[in-house]
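Encoded as structure tokens, the structure appears first; notes follow it.
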């Protein structure tokens, strides 16, 4: 009998730090700058990535110290559970929080860290760095290939 994977047997709020971190598929979508419509609370993603995101590997260049470099970087934590609609619909944290399973291309399912890129889910090759793009220009970079809900981003602590 095969033991069920931890994400099927352990609630998000009960996961160890290591289990929590391994849920990240490395797509980089959460590192894209977003524009929020203040009238509807709808969130729109842009093709402008945080300046710390390696736009090819889709990993943060300074993950452990990112808050020293980017003040408004949101550290996803269990306290955010129940309000993850601002994350892409493909995000493991959001999927599990909504009672859904991980997709076949997720590295924890496929066993391959590059499956997220081959599936076309990652932002690799699709985005530019925020370096050289002013916040006033973000609306010019809106994309429709990242699906999200209508909840607002959590407040940065």
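A short reminder: the numbers here are calculations on the coordinates, not readings from a lab. Predicted model only: the values in this text are computed from it and were never measured. Positions of Cβ are backbone-derived with ideal geometry, glycine not excepted, and every protein chain shown enters the neighbour counts.
Exposure proxy for 2, 46: other Cβ atoms within 10 Å of each Cβ, ordered fewest to most, give 2, 46.
Dividing the Cα radius of gyration of region 56-96 by 2.2 N^0.38 Å, with N the residue count, gives 1.32.
Entry note, the chain: the mean residue ellipticity at 222 nm calculated from DSSP H runs of n ≥ 4, each adding -39500 (n - 2.57), is -3000 deg cm²/dmol after division by the residues and rounding to the nearest 500.
Full extension of the chain between residue 136 and residue 21 yields a length gain of 38.1 nm, computed as 0.36 nm times the residue separation minus the alpha carbon distance.
Net length available on complete extension from residue 10 to residue 35 is 5.6 nm, with 0.36 nm assigned per residue and the Cα-Cα distance removed. Note on residue 77 and residue 56: their simple-model spin labels are 3.5 nm apart, each label 7 Å out from Cα toward Cβ. The stretch between residue 69 and residue 89, if pulled fully straight at 0.36 nm per residue, gains 4.5 nm over its current Cα-Cα span. Springs between Cα atoms under 10 Å define the GNM used for the chain, and in it the highest mean-square fluctuation of 138, 45, 63 occurs at 63.
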